[in-house]
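In what follows, a single structure is set out as structure tokens and then discussed.
The values are calculated or read from the model by the stated rules, or taken from the named source; none is laboratory data. The structure displayed is predicted, hence computed values, not measured ones. Here Cβ is always computed from backbone atoms with ideal geometry, including for glycine, and neighbour counts include all displayed protein chains. The area values use the complete protein model at the heavy-atom level, side chains included, leaving out ligands, DNA and RNA. Shrake-Rupley method; radii C 1.70, N 1.55, O 1.52, S 1.80 Å.
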Amino acid sequence: ARYALNRAGPRESVFKEGQRIRTQIELFREGRPFPKVEGRIVIIVDDGLATGATLHAAIQYLENRGAAQVVIAVPVAAAATARRLRLQVDELIALVEDEHFTAVGEWYEDFTQVEDREVIELINTEQKPNKILDRGPKHS
């Protein structure tokens, strides 16, 4: 049997991921404004890189808001996806790039999903300003 490639498929996937990301941002930020990224270096850290759909949507979001540079850091990545995303970002760092990658969860002993309420609790306990970043470098 032959299968036709749906050219809208990847775009639709990125669109849906973008919607999911916006929903999570609203949920997790609880009305707090999104940090200004214009002119800044943004580092995205993820647990792994499989298809890249979520990161592609995040990259577009940040670029549309004027991020000066986008850097991705992951412990493990599908090699083909890493090669593709390197063309879209300033830097992609992956400790392992596997040509036969099947799933991020296979690289972890415990890949239990973190519940939304846990994420919100962690964000709320970490809302203190980072004094080092706020003041800039110290001069002796």
Of all residues in region 1-44, which are open to solvent by 90 Å² or more (accessible area, probe 1.4 Å), in a loop (DSSP other than H, G, I, E, B), charged (D, E, K, R) and modelled with pLDDT of 80 or more?
30, 36, 40
Among the numbered criteria (1) of a type in the set (S, T, N, Q); (2) out of contact with any helix residue (DSSP H, G or I) (no Cβ under 9 Å at 6 or more places or on another chain); (3) more than 19 Å from residue 122 (Cβ to Cβ), which one does residue 23 miss?
(3)
Could you check region 48-88 and list, in sequence order, the residues that are surrounded by fewer than 16 Cβ atoms within 10 Å (Cβ to Cβ), small (Gly, Ala, Ser) and assigned to a helix (DSSP H, G or I)?
79, 80
